[in-house]
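A quick write-up on the structure given underneath.
The values are calculated or read from the model by the stated rules, or taken from the named source; none is laboratory data. For clarity, every value in this text was computed on a predicted model and none was experimentally measured. Here Cβ is always computed from backbone atoms with ideal geometry, including for glycine, and neighbour counts include all displayed protein chains.
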Amino acid sequence: MSSYRRNYRHQIRALIVKELRQIMRDKQLIFLLFFMPVLQLFLYGFALSPDVDHLRLGVIDHAASPTSREAIAALVENGVFDLTAAGGTEATLAKNVRDGNLEAGLIVPPEFEREIKHGTTTSMQVMLDGVDANTAGIANGYISQIISTFNRQLVTGSQISRELISPQISFAYNPGLISSWFFVPGVIALVLNLVSTLVSSAAVIREKDSGTLEQLLMTPVNSLQILLAKIIPLSMLLMITVLVCLLISSLVFHVPFRGNIFLFLFVSFLAILVGIAIGIALAAFSQNQRQSLLTSFFVNLPVIQLSGAVAPLESIPEFFQFLSLFDPLRYYVTCVRAIILKGAGLEAIWPDVLALAAFAVILLALSTSKFGRQLA
Amino acid sequence: MRRIFSQAGKEIAQFRRDKLTLALAFLLPSVAMLLYGYATRLESKNIPVAVRNFDSGALSRKYIDTIFANGQLVNAPWHDPVHNKFTASSVVSSSAMGPLDLGEAKATITIPPEFSRKIRQGQASDVQVIIDATDVNNARVIKNSIIATTGYFLRSQKLSQVKNLVTTKVRLWFNPGREEALYVAPGATAVILWIFPCLLSALAMSREKEQGTILQLYASSITSVELVVGKALAYTAIAFVQALIVISMAMALFGIRLVGDPFIYLISTTVFLASSVLFGLFVGTRANSQSAAVQMVATTGFTTALLLSGFLYPLRNITYPLSLICNILPARYFVEASRNAFVRGSDFSSQIHLPVALAICAAVLLVGASRIMRRMQLSGGG
């Protein structure tokens, strides 16, 4: 019995060495494991930014008075708006907003100064390009805040005077509102899922494609050993991928790591197992690599889109929120953000860790049994 | 000319035979439209906010009601992470950060004792607000919402000491209800009609290489340009069917209507679909196997269309050297064309540069693909 066990372990070790050699020789796999994650991190980190600033503003100042100039200066002062066009007719201003050359247009009425002097309320007209609903909403909020500060200054003569209730607002976890701090942890999760799925399906389907799987089966090893010998080296390599991503996140994007590194590595390991399981399932259901790659589109698209890695899930329709509960990546994204940015421990994220672990166990069991049955 | 059409005919016949490719061509774009259209919302609604009220007066209760009145923020129960024994990492236990640490609320509001009494006496009172800023965009949304409702509360309770001499009448053009679907759906058609047509044509081209059938084409009298144009014609026709499906889905599900100049939209769509197909052929000529082609399309086409096209966030936010790449991406121009057609309602003359830019992209890709084709032909023959 003990000699059988020793044998078993020897066989697996031999298979693992073979796997590692094969992976290291395969340029496509190396590209997937190390270059694609780096590329994606850079792209997402530098390309995605929801900042609302430097909106192009066109102004027509019919009043041309000191107060109207002050009001315009207040709008432009903190970089939310850039004064791009001044003067001209209202028709050309409107056309510029309509054609998308300006994001906002401001018209100050001729009676502006007179009405303020008389103590009556005067109204400026603002046109805001609403195509981008999100940006327009935030810009609209900024305008009303700037104008209300301006009003206080106008009436009391000082900016510091305050209302009876003034919320003292502070931003936790990301006080500088740096957008890459939000996207980079999400993309680490997304890329890890993508890479582990693609790499594991490629490693399994390659044997199927070239017929070497049958040769392996003629040796004394069984199908479970074959799979174990694929899962162990791949998960080790993918853990290196995780560390590379983490390094880029802190060195390039300066995202702080506030949590426990071991907890992070543990949930990442679970996520890797989930990805590998999906990959093995893809390989089991397909005849060749082309098929498994194409089928992976059907799986990865919903998995990524419903994970909340790129856009928040809070306001999507209820049915899709429900669907997202079946998305393992969703739980990993939550864990990664919570650990990295919030320094959350198990007491805060245990439901997500548990869900991820359940997915890992169930998916691994399903995919290995499907694969085993195919070989038998 | 006849050779081009017979090449196109052969391509269509081959395309119809493979079930997986058919599903990929028509089912996947529809699924993608559903997912991108419904599951992309940048601005959160029903944001959970926890409130701790140390005041016993009526005014503070009224203030809290006002904060939650417009439905953007919803009241969440206040829990503290009491059992802190698992980790030492939880910075504060019973502070205002508790619900944020647990992920149960996106913001906490703490109202100090004596709030109502102080304000009735005309003394200012501080309300402490802490916002979870991991999601930067929604941190701004929450901040704006709280400031706006506080201002409204002060005015409605006649507590404001400042008369608003200057007001603004803001009109939101094109999308007065600020429906995000109007922003997302037209952009999604552009992303989808970039990815899937080029995936199909890349597969077709690399299949010829992988299976060696390309050698027969080398031996025939067809030139490399004719070959590329023939394939491009066939797959652009298929792309049109995909476009019909995706665009009618977007119109049916998200209520967008063609409000812009239809003629220029049609031209832009045609040139855009052609450039997508040509990009696929270009990738296909470079790739040595079908799986390599799929991966090249997935890494270059997919991510760039999603990230550098202005689909999610404004293009001007993209960091400088990266922003240069946007200019050579057809998807970027079509996102604009499609928003012009469905939301902005632009006329012909204001957007003539879009089909021109798309046509330049298509021409460059056509020349590129045929060049590589010809070079392979020559080296293969020699």
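Answer yes or no: is there a residue in region A:327-343 that is of a type in the set (Asp, Glu) and more than 17 Å from A:Val191 (Cβ to Cβ).
No, because not a single residue in region A:327-343 is of a type in the set (Asp, Glu) and more than 17 Å from A:Val191 (Cβ to Cβ).
Checking each residue in region A:120-139 for being facing chain B (nearest Cβ under 7 Å) and more than 26 Å from the chain's Cα centre (by Cα) picks out A:Thr121, A:Thr122, A:Ser123, A:Met124, A:Gln125, A:Val126, A:Met127, A:Leu128, A:Asp129. Listed conditions (1) under 16 Å from the mean Cα position of the chain (by Cα); (2) more than 14 Å from every other protein chain (Cβ to nearest Cβ); (3) over 19 Å from A:Pro37 (Cα atoms) are all met by A:Ile280, apart from (1).
Scan region B:314-338 for residues that are under 21 Å from A:Ile178 (Cα atoms) and either in a helix (DSSP H, G or I) or in contact (Cβ under 8 Å) with a residue 24 or more places away in the chain (or both) and jot them down.
Within region B:314-338, the first condition is being under 21 Å from A:Ile178 (Cα atoms), and the residues that meet it are B:314-323.
The answer is B:Leu315, B:Arg316, B:Asn317, B:Tyr320, B:Pro321, B:Leu322, B:Ser323.
Please tell me if A:Leu243 is over 19 Å from A:Leu329 (Cβ atoms) and either facing chain B (nearest Cβ under 10 Å) or modelled with pLDDT of 90 or more (or both). So A:Leu243 fits the description; yes.
Across region A:36-94, the qualifying residues are those that are touching a strand residue (DSSP E or B) at 6+ places or on another chain (Cβ under 7 Å) and at pLDDT below 90, and the one among them that is surrounded by the fewest Cβ atoms within 10 Å (Cβ to Cβ) is A:Gly87. Considering region A:332-352, and only residues there that are more than 7 Å from every other protein chain (Cβ to nearest Cβ) and among the hydrophobic types (A, V, I, L, M, F, W, C), the residue that is nearest to the chain's Cα centre (by Cα) turns out to be A:Val333. Taking the condition of a type in the set (Lys, Arg), over 23 Å from B:Cys361 (Cβ atoms) and within 13 Å of another protein chain (Cβ to nearest Cβ), does B:Arg207 pass? For B:Arg207, the condition - of a type in the set (Lys, Arg), over 23 Å from B:Cys361 (Cβ atoms) and within 13 Å of another protein chain (Cβ to nearest Cβ) - is met. Given the options B:Gln211, B:Gln123, B:Gln161, B:Gln128, name the one that is closer than 29 Å to A:Tyr173 by Cα and without any contact (Cβ under 8 Å) to a residue 40 or more places away in the chain. Criteria check complete, one pass: B:Gln128. For the list (1) more than 30 Å from B:Thr134 (Cβ to Cβ); (2) at pLDDT 90 or above; (3) not basic (Lys, Arg), I need the number of the one condition that A:Phe31 fails. Single failed check for A:Phe31: (2). Residues that are free of Cβ contacts under 8 Å to residues at least 24 places away in the same chain and assigned to a strand (DSSP E or B) within region A:110-139 comprise A:Thr122, A:Ser123, A:Gln125, A:Val126, listed in sequence order.
Would you confirm whether any residue within region A:87-102 is over 29 Å from B:Phe342 (Cβ atoms) and without any contact (Cβ under 8 Å) to a residue 60 or more places away in the chain? Within region A:87-102, one or more residues are over 29 Å from B:Phe342 (Cβ atoms) and without any contact (Cβ under 8 Å) to a residue 60 or more places away in the chain.
Among the residues of region A:178-208 satisfying the criterion of being farther than 26 Å from A:Val267 by Cβ and in contact with a helix residue (DSSP H, G or I) (Cβ under 6 Å, 6 or more places away or on another chain), which is farthest from the other protein chains (Cβ to nearest Cβ)? Show your work before the answer.
At the first step, the residues of region A:178-208 found to be farther than 26 Å from A:Val267 by Cβ are A:205-208.
In the following step, the residues that additionally are in contact with a helix residue (DSSP H, G or I) (Cβ under 6 Å, 6 or more places away or on another chain) were identified as A:205, A:207.
On the way: A:Ile205: 9, A:Glu207: 15 Å.
The qualifying residue farthest from the other protein chains (Cβ to nearest Cβ) is A:Glu207.
When region A:43-63 is limited to residues that are touching a residue at least 12 places away in the same chain (Cβ under 8 Å) and small (Gly, Ala, Ser), the one that is nearest to the other protein chains (Cβ to nearest Cβ) turns out to be A:Ser49.
Yes/no per residue for (1) at the interface with chain A (Cβ under 7 Å from one of its Cβ atoms); (2) touching a Leu at 6+ places or on another chain (Cβ under 6 Å):
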{"site": "B:Gln121", "(1), (2)": "no, no"}
{"site": "B:Ile130", "(1), (2)": "yes, no"}
{"site": "B:Thr134", "(1), (2)": "yes, yes"}
{"site": "B:Thr149", "(1), (2)": "no, no"}
{"site": "B:Lys158", "(1), (2)": "no, no"}
{"site": "B:Val162", "(1), (2)": "yes, no"}
{"site": "B:Lys169", "(1), (2)": "yes, no"}
{"site": "B:Ala190", "(1), (2)": "no, no"}
{"site": "B:Ile195", "(1), (2)": "no, no"}
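Pairing residues of region A:294-316 that are within 17 Å of A:Pro328 (Cβ to Cβ) and within 7 Å of another protein chain (Cβ to nearest Cβ) with residues that are of a type in the set (D, E, K, R) and part of a loop (DSSP other than H, G, I, E, B), at Cβ distances under 6 Å and at least 6 apart in sequence or on separate chains, gives A:Leu306/A:Asp327. In this structure, A:Arg152 does satisfy being at the interface with chain B (Cβ under 7 Å from one of its Cβ atoms) and not in a loop (DSSP other than H, G, I, E, B). Taking the residues in region B:31-56 that are within 7 Å of chain A (Cβ to nearest Cβ), surrounded by fewer than 23 Cβ atoms within 10 Å (Cβ to Cβ) and more than 18 Å from the chain's Cα centre (by Cα) as candidates, determine which candidate is farthest from A:Thr135 (Cα to Cα). Selected residue: B:Asn46. Only one of A:Ile147, A:Ile107 is over 23 Å from B:Arg316 (Cα atoms) and part of a strand (DSSP E or B); which? Going through A:Ile147, A:Ile107 in turn, the sole match is A:Ile107.
B:Ala23 meets all of the listed conditions (1) surrounded by fewer than 21 Cβ atoms within 10 Å (Cβ to Cβ); (2) under 30 Å from B:Thr189 (Cβ atoms); (3) in contact (Cβ under 8 Å) with a residue 24 or more places away in the chain but one, namely (3). Quick check on region B:237-257. Is at least one of its residues surrounded by 18 or more Cβ atoms within 10 Å (Cβ to Cβ), of a type in the set (Gly, Ala, Ser), modelled with pLDDT of 95 or more and under 22 Å from B:Ile4 (Cα atoms)? Within region B:237-257, one or more residues are surrounded by 18 or more Cβ atoms within 10 Å (Cβ to Cβ), of a type in the set (Gly, Ala, Ser), modelled with pLDDT of 95 or more and under 22 Å from B:Ile4 (Cα atoms).
Yes or no: region A:158-166 includes at least one residue that is at the interface with chain B (Cβ under 7 Å from one of its Cβ atoms), surrounded by fewer than 18 Cβ atoms within 10 Å (Cβ to Cβ) and over 30 Å from B:Ile64 (Cα atoms). There is no residue in region A:158-166 that is at the interface with chain B (Cβ under 7 Å from one of its Cβ atoms), surrounded by fewer than 18 Cβ atoms within 10 Å (Cβ to Cβ) and over 30 Å from B:Ile64 (Cα atoms). Looking across region B:268-323, the residues that are surrounded by fewer than 20 Cβ atoms within 10 Å (Cβ to Cβ) and away from every other protein chain (no Cβ under 12 Å) come down to B:Thr270, B:Arg286.
Test B:Pro99 against the stated conditions and say whether it is crowded, with 21+ Cβ neighbours inside 10 Å, more than 7 Å from chain A (Cβ to nearest Cβ) and in contact (Cβ under 8 Å) with a residue 24 or more places away in the chain. Against the criterion (crowded, with 21+ Cβ neighbours inside 10 Å, more than 7 Å from chain A (Cβ to nearest Cβ) and in contact (Cβ under 8 Å) with a residue 24 or more places away in the chain), B:Pro99 qualifies. Scanning region B:339-382 for residues that are away from chain A (no Cβ under 11 Å), polar (S, T, N, Q) and surrounded by 15 or more Cβ atoms within 10 Å (Cβ to Cβ) yields a total of 2.
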